[in-house]
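Below: one structure, written as structure tokens.
The values are calculated or read from the model by the stated rules, or taken from the named source; none is laboratory data. None of the values given here were measured: they were computed from a predicted structure. Methodologically, a virtual Cβ is constructed for each residue, glycine included, from the backbone with ideal geometry; neighbour enumeration extends over all protein chains shown. For the accessible areas, the whole protein counts, side chains as well, though only heavy atoms, and no ligand, DNA or RNA atoms are used. Shrake-Rupley method; radii C 1.70, N 1.55, O 1.52, S 1.80 Å.
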Amino acid sequence: MLKSSISRRLTIYSLFLIILPLLICSIYMVDYFYKINIQDKTSSLENQAKTVAAISHIYFQEEDNADASLLQSISADTGLRITLVNASGEVIYDSSHDTESMDNHETRPEIQNALQAGTGSSIRYSDTLQKNLLYVAVPVYDNGTLLGVSRTALNIAPLEKSYDDMRNNILFIFFAVTIIAISIGIILTRRFTNPIRQMTVDAQKIINGDLNTRMRINTADELEFLAAAINKLTSRLLRKINDSRAKAHTLSLILDNMDNAVILLNENGLITEANKQAKDIFKITPNIIKTYSINCIGSTVISNTAKNCAQENKNKKITLRIKLGNTEKTFIVFFAPFTSEAKQSIVCVFHDISLMQEITDRQNIFVANAAHELSTPLTSIKGFSETLLDGDLTEAETTRHFLKIIYDESCRMQYLVKNLLQLAKLNSTDYKKQIAMTNINCTETLEKIIKTITPLLNQNKQSLETTFMVKEIFIKANPELFKQIFINLLENAVKYTPGKGKISLSCSKNEENAIFIIKDTGVGIAKADLPFIFDRFYRSDKSRARQDIGGSGIGLSLVKFLVELFSGRIFASSELGVGTTFTISFPLQKNTIAKK
Ligand code: ADP
């Protein structure tokens, strides 16, 4: 707060300016009038003393016989005290007192001065009369011989009283004027400082952030101009703040809606800001911001790189693999140093390439798997062909056996390549568009499939139980591809069900879907493998699959692909040693839903 307000200071200054000169003037005037008065009285007393001196020779010469009546009448007429003092200082006449009882007056200052300078005066308290008197003395000579001193005295009590009255009046006027001046001063300075006070209050509001405050000053002077200037400044500031707020909002919208996580680090590696993605991905809670180092997300690589980036003042880029919860993520992290308000910060942008990385990994695995799957039959074909070429081909049985192996392996390769080609074709959007979709009666089509698969069932001495709850179920699909779904699934059921196992196929429908269940009592699939069986080249038991014909891990991925192509869904449930169940559902064709 301010130590002294402008109004108080202005009041005090103006009071000093008005009252002090007034006071000095008054004191001087009173003193001046007093002195003038005394001077007048002194010169009149001097004249009177001289008159008394002129007629008082006789008193000095004939002290005892002189008639004092003349002096008495002068004293009575003028009101003066007349004293005659002889050359030895003795009082020979006094109009107010008995001379016998009066002491020697030689040392009285006015008498001393009169003897030395020809005239002397003094104001003293008269012990004799017990009053303040003005004494004036002149020497009395007779033909050059000093006879004594003639002294006149006047009671100055009335003069002093009038002087005191005058002083009291002046003091009274002075105090009255002071009070009036203070009151007027306060009113005037208030008038002058009120707008300033109002401006101070408004300025305080602006400082506290209320930028809508405007100063309303109508003094038609510099203050009004100053208020208008401050108003303009405030408006400009408000506009600038709104602009920067809008920019900050846009920026934060961009940051929050971009795919990349963005984290701001200070020079100590503490997280100072994070966008929505960063908070979601790295679980950055508000208590982490400005308190924890970036290491809290589970990697020290970032803080080290950020440190280097700050030291070298150069952009950096790293690939970061980090485990977040149960999943491993891969990011390309860009680091950029920047300085704001003399503080260095590093902005880290996390570009999530996990999906790209997974696709690349999958592609690599796919290529490796495909190469592996193709190389196995090729090695076999090459080996047996070499054996045949090296031999003399006389043993027809052996030759036939080898040729059979070469043929089987070629079939397996062909099956694999065919499936791969089909998958590749189905992945192409153009090809998908060319696939002819018609309304097919599923029960009818399934009958045909069963006929196709029967020889295989017989070969493995397996039975197929069919349960068709309805005669006709129509769905929209491509007949050939629809067949392939069930052939693949039934072939798998045969493949993974030991001899004399049971395989069943049921078909039903509900309000919206056609539902097909293919169940076997085969080896089953381990729980851990179940989520992956629709992946390409995935096999739950590779050693066992090796012994089967056509075991390539492509069949189920193709099945899933085709089911989804016809807007259907497929689920697998299984228990090791008990069997596997595949449930498929397709949306019913609208105009056939009512048919039962
Ligand atoms: P494959 O040509 O190896 O059979 P699939 O894609 O058809 O390839 O099947 C993938 C894997 O799923 C198989 O290797 C097998 O381990 C498992 N599998 C598929 N169907 C069954 C089933 N009916 N019973 C047990 N395991 C199955």
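Within the stretch 116-128, the set of residues being surrounded by 13 or more Cβ atoms within 10 Å (Cβ to Cβ) and modelled with pLDDT under 90 comprises 124, 126, 128. When you check residue 45 against the structure, is it part of a loop (DSSP other than H, G, I, E, B), among the hydrophobic types (A, V, I, L, M, F, W, C) and either over 18 Å from residue 140 (Cβ atoms) or modelled with pLDDT of 90 or more (or both), yes or no? No; evaluated as a whole, the condition is false for this residue. Residue count for the stretch 551-580 satisfying the condition of being away from the ligand (no atom under 11 Å from the Cβ), of a type outside the set (A, V, I, L, M, F, W, C) and over 15 Å from residue 531 (Cα atoms): 3. Taking residues in the stretch 564-579 that are assigned to a helix (DSSP H, G or I), and partners anywhere that are away from the ligand (no atom under 15 Å from the Cβ) and open to solvent by 40 Å² or more (accessible area, probe 1.4 Å), the pairs with Cβ atoms closer than 8 Å and at least 6 places apart or on different chains are 565/432. When the residues of the stretch 186-204 are narrowed to those that are touching a Leu at 6+ places or on another chain (Cβ under 9 Å) and not β-branched (Val, Ile, Thr), which ends up farthest from residue 236 (Cα to Cα)? The extreme case among them is 188.
On inspection, residue 474 does not qualify as of a type in the set (Phe, Trp, Tyr) and within 16 Å of the ligand (Cβ to nearest atom). Is it the case that some residue within the stretch 302-322 is part of a strand (DSSP E or B), open to solvent by less than 40 Å² (accessible area, probe 1.4 Å) and more than 16 Å from residue 346 (Cβ to Cβ)? Checked against the condition, which is being part of a strand (DSSP E or B), open to solvent by less than 40 Å² (accessible area, probe 1.4 Å) and more than 16 Å from residue 346 (Cβ to Cβ), the stretch 302-322 yields at least one hit. Just wondering, is there one or more residues in the stretch 255-262 that are hydrophobic (A, V, I, L, M, F, W, C) and open to solvent by less than 50 Å² (accessible area, probe 1.4 Å)? Yes, the stretch 255-262 has at least one match.
Residue 276 satisfies every condition listed in (1) in contact (Cβ under 8 Å) with a residue 60 or more places away in the chain; (2) touching an Asp or Glu at 6+ places or on another chain (Cβ under 7 Å) except (1).
Looking across the stretch 183-213, the residues that are in a loop (DSSP other than H, G, I, E, B) and open to solvent by 60 Å² or more (accessible area, probe 1.4 Å) come down to 208, 210, 212. Counting only helices (runs of 4 or more DSSP H) that sit wholly inside the stretch 411-527, those with at least 2 residues that are open to solvent by less than 40 Å² (accessible area, probe 1.4 Å) are 442-459, 479-495. Entry remark, the stretch 426-448: residues being modelled with pLDDT under 85 and under 20 Å from residue 559 (Cβ atoms) number 5 in total. Condition check for residue 343 on (1) surrounded by 15 or more Cβ atoms within 10 Å (Cβ to Cβ); (2) touching a residue at least 60 places away in the same chain (Cβ under 8 Å): one failure, at (1). The residues on offer are 180, 170, 217, and the sole one that is open to solvent by less than 70 Å² (accessible area, probe 1.4 Å), assigned to a helix (DSSP H, G or I) and not assigned by TED's automatic domain parsing to the domain that holds residue 100 is 170.
Please go through the stretch 346-357 and give me each residue that is surrounded by 13 or more Cβ atoms within 10 Å (Cβ to Cβ) and assigned to a helix (DSSP H, G or I), ordered by number. Once the filter is applied, which keeps residues that are surrounded by 13 or more Cβ atoms within 10 Å (Cβ to Cβ) and assigned to a helix (DSSP H, G or I), the stretch 346-357 yields 354, 357. Checked against (1) touching a residue at least 24 places away in the same chain (Cβ under 8 Å); (2) closer than 14 Å to residue 266 by Cβ, residue 323 passes all but a single condition, namely (2). Pairs meeting the criteria (first residue in the stretch 427-449 and without any contact (Cβ under 8 Å) to a residue 12 or more places away in the chain, second residue in a strand (DSSP E or B) and surrounded by 12 or more Cβ atoms within 10 Å (Cβ to Cβ), beta carbons under 9 Å, at least 6 apart or on different chains) are 447/466; 447/468.
If you go through the stretch 557-573 and keep only what is at pLDDT below 95 and among the polar types (S, T, N, Q), you end up with 557, 567. Here residue 590 fulfils each of the conditions (1) surrounded by fewer than 16 Cβ atoms within 10 Å (Cβ to Cβ); (2) more than 12 Å from the ligand (Cβ to nearest atom); (3) at pLDDT 75 or above apart from (3).
Under the condition of being over 27 Å from residue 117 (Cα atoms), free of Cβ contacts under 8 Å to residues at least 60 places away in the same chain and aromatic (Phe, Trp, Tyr), the residues counted in the stretch 135-194 number 2.
Residue-by-condition table, conditions (1) under 30 Å from residue 23 (Cα atoms); (2) open to solvent by less than 50 Å² (accessible area, probe 1.4 Å); (3) modelled with pLDDT of 90 or more:
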| position | (1), (2), (3) |
| --- | --- |
| 79 | no, no, no |
| 95 | no, yes, no |
| 103 | no, no, no |
| 130 | no, no, no |
| 143 | no, no, no |
| 149 | no, yes, yes |
| 152 | no, yes, yes |
| 162 | yes, no, no |
| 165 | yes, no, no |
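Taken together, the criteria place residue 527 among residues that are more than 12 Å from the ligand (Cβ to nearest atom) and either outside the structural domain of residue 557 (by TED's automatic domain parsing) or under 60 Å from the mean Cα position of the chain (by Cα) (or both). Listed by first and then second residue, the pairs linking a residue in the stretch 385-408 that is open to solvent by less than 100 Å² (accessible area, probe 1.4 Å) to a residue that is among the small types (Gly, Ala, Ser) and part of a loop (DSSP other than H, G, I, E, B), with Cβ atoms under 9 Å apart and 6 or more places separating them unless they lie on different chains, are 398/391; 399/391; 402/391. Does at least one position in the stretch 52-65 carry a residue that is closer than 25 Å to residue 163 by Cβ and without any contact (Cβ under 8 Å) to a residue 40 or more places away in the chain? Checking the stretch 52-65: not a single residue is closer than 25 Å to residue 163 by Cβ and without any contact (Cβ under 8 Å) to a residue 40 or more places away in the chain.
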